[in-house]
Amino acid sequence: MSISVKNISKSFKKVTAVNDVSFEVKEGELFGLIGPDGAGKTTIFRMLTTLLIPENGSATVAGFDVVDDYKEIRNNVGYMPGKFSLYQDLTVEENLDFFATIFGTTIEENYELIKDIYVQIEPFKKRRAGKLSGGMKQKLALSCALIHKPKVLFLDEPTTGVDPVSRKEFWEMLKRLQQKGITILVSTPYMDEAALCDRIALIQDGKILQIDTPQEIIKHYPKKIYDVRADNMYRLIESLKSFEHHYSVYPFGEFVHYTDKRDDFNPQELQLYLEAKDHQNIKIEITTTTIEDTFMELAK
Amino acid sequence: MKNNNVIEVENLTKKFGDFTAVNSITFEVKKGEIFGFLGANGAGKTTAMKMLIGISKPTSGKAQVAGFDVFTHPEDIKKNIGYMSQKFALYDDLTVKENITFFGGIYGLSRAKIKEKRCELVEELGLKEIVNELVGSLPLGWKQKISFSIALLHSPTIVFLDEPTGGVDPITRRQFWEMIYKSANSGTTIFVTTHYMDEAEYCDRVSIMVDGKIEALDTPKKLKLQFKAATMDEVFLKLARSPSPTLPEEKGVNI
């Protein structure tokens, strides 16, 4: 196992940030911690990268214990925190050189690993890190986290606040790093990114809700979901919520995802109900479940 | 300004030295509309928004917001709009109640009015238990809901929301949009930026900025037709994706 976490917990004053969490990440796996702000993702990252000591439980990373062998872990992992943490006053090149030196290596030695990413910011290598755009900062931070060729890469919300295009590009980079044999633990609040991981843990309020492959997690969803559409979205949501048999009603892009309390639900009945409420252009169709549906069901 | 337009923008431009951040954009937003203002990081959204809320003077062009000119009456604009950003929303070391009182005061509401609004808000959002808690101790989703309500305290004609739901959990994100629908339904105009493309579908109309220009503007339905795309996510990728320097097209993974 590349990462093994057994029953770890951590509290800050009254708040239990991480509550008895266990999971394992295999070598070469791309594993996702999926959950909103405040779920405890960052605290888990900080414990695994030896920046915080767990109160209970134990954890190993690359075979080393997070408490006893913290120095070895620091040499063997790359960590990209959620908050930009490079030196703003150093240039792109100076930052990279600094991190290489700290880890007793050189840019040249491991250039192959970061090449794909670094070439995109190389034209700006004389620019101070603080003056880079968000996307460029992210690429520099990833380059710095990789420059010592870590066995395990920790990425804490690398795509939060990033536009859909850059997010997509970032995941393409991750997939290519994975092919080079690096184990990756990544966290994200974007549920659509979960589908790109080998396995995921859904996490909320310090607790893991479920761990599995994205496909299996979707399969476990207990209900049939219907896409419902009508001309006035706001009124549609109101009407569906006042339908006595509704189980859940969530807006989902151009549709509303509707589930019914009953197993023998007939969409025709809902159609008639909505017609009686004077909705126009009503459309009801069965649809496929997403990770986001599952997350909302588990987090209820 | 036509009666039912809350924003009218014509060839609005902002240059920083020889860099054109916003390049001659033209659009209008109608009363009660939910207008989605999309674009990649660095496309010029924030710069454009800063001009519209009266805190950055345009280089050239014309713009009116809530009936006031951005060049000559930026202070009147500030009084007549609501604004909420993800970065700065509320004071963490004040309680919920103190934040409401503070912002009510800033907008010049009377004590009686503030009290009335506060009671309304507590009732509507179910804040009774947490009204005396420090805002810093609340989950992000709560902060964002409260922050939105505070942006509406002085009953502005339009409210600007800058990535209001980033990082918020999926259930709260939806509750947030229901609040948006509700206020749009009662006539408040909503101007919103987001990186969640499912949220783009909730807007009445959407504009997409690329390199300082508005490259597309229409209802989500028509944009999907125009770009032959199944979702707004596809529309966005088709428009805003700059060719990646290291990656052949077909190697892409799908989000």
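Observations on the model:
- Qualifying residue in the range B:10-31 (condition: surrounded by fewer than 18 Cβ atoms within 10 Å (Cβ to Cβ), in contact with a helix residue (DSSP H, G or I) (Cβ under 8 Å, 6 or more places away or on another chain) and on the phi < 0 side of the Ramachandran plot): no
- Enumerated strands (runs of 3 or more DSSP E) restricted to the range B:1-110, each holding at least 2 residues that are in contact with a strand residue (DSSP E or B) (Cβ under 7 Å, 6 or more places away or on another chain) and of a type in the set (Val, Ile, Thr): B:5-16, B:19-30
- Checking A:Phe252, A:Phe243 one by one, the residue that is of a type in the set (Phe, Trp, Tyr) and either away from every other protein chain (no Cβ under 14 Å) or touching a residue at least 60 places away in the same chain (Cβ under 8 Å) (or both) is A:Phe243 and no other.
- Strands (runs of 3 or more DSSP E) enclosed by the range A:1-69 - at least 1 residues per element that are out of contact with any strand residue (DSSP E or B) (no Cβ under 6 Å at 6 or more places or on another chain): A:3-12, A:15-25
- When residues of the range B:117-141 are limited to those that are without any contact (Cβ under 8 Å) to a residue 12 or more places away in the chain and surrounded by fewer than 13 Cβ atoms within 10 Å (Cβ to Cβ), the one farthest from B:Lys78 (Cα to Cα): B:Glu129
- Restricting the range A:110-126 to residues that are assigned to a loop (DSSP other than H, G, I, E, B) and modelled with pLDDT under 95, the residue that is surrounded by the most Cβ atoms within 10 Å (Cβ to Cβ): A:Ile121
- Within the range A:244-300, strands (runs of 3 or more DSSP E) holding 3 or more residues that are of a type in the set (Phe, Trp, Tyr): A:246-252
- A Cβ distance below 6 Å, combined with a sequence gap of six or more or placement on separate chains, defines the contacts here; from the range A:35-47, residues that are more than 8 Å from chain B (Cβ to nearest Cβ) reach residues that are assigned to a loop (DSSP other than H, G, I, E, B) in the pairs A:Gly40/A:Gly206; A:Lys41/A:Gly35; A:Thr42/A:Asp156; A:Phe45/A:Asp156; A:Arg46/A:Leu52; A:Met47/A:Pro54.
- Taking every residue in the range B:187-208 that is under 17 Å from B:Ile158 (Cβ atoms) and pairing it with any residue that is among the polar types (S, T, N, Q) and in a loop (DSSP other than H, G, I, E, B), at least 6 positions away or on another chain, the pairs with Cβ-Cβ distances below 6 Å are B:Arg205/B:Thr219.
- Tabulated pairs, the range A:183-209, first more than 8 Å from every other protein chain (Cβ to nearest Cβ), second crowded, with 23+ Cβ neighbours inside 10 Å and basic (Lys, Arg), C-beta under 6 angstrom, 6+ apart or interchain: A:Ser187/A:Lys41
- Of the set (1) assigned to a strand (DSSP E or B); (2) crowded, with 20+ Cβ neighbours inside 10 Å; (3) under 24 Å from the mean Cα position of the chain (by Cα), all apply to A:Val228 but (3).
- Candidate set from the range B:167-182 (those that are surrounded by 22 or more Cβ atoms within 10 Å (Cβ to Cβ) and within 14 Å of the chain's Cα centre (by Cα)); member that is nearest to the other protein chains (Cβ to nearest Cβ): B:Trp177
- The range A:231-263, residues that are of a type in the set (D, E, K, R) and surrounded by 15 or more Cβ atoms within 10 Å (Cβ to Cβ): A:Arg235, A:Glu238, A:Glu254, A:Asp260
- Test for B:Val29: is it away from every other protein chain (no Cβ under 14 Å) and either of a type in the set (Asp, Glu) or over 13 Å from the mean Cα position of the chain (by Cα) (or both): no
- Count of residues meeting criterion [among the small types (Gly, Ala, Ser) and more than 26 Å from A:Ala17 (Cβ to Cβ)] in the range B:131-184: 5
- Only one of the numbered conditions (1) under 28 Å from B:Gly126 (Cα atoms); (2) in a strand (DSSP E or B) is not met by B:Ser149, and that is (2).
The values are calculated or read from the model by the stated rules, or taken from the named source; none is laboratory data. These numbers come from a predicted model, not from an experiment. Note: ideal-geometry Cβ built from the backbone for every residue, glycine included; neighbour counts use all protein chains shown.
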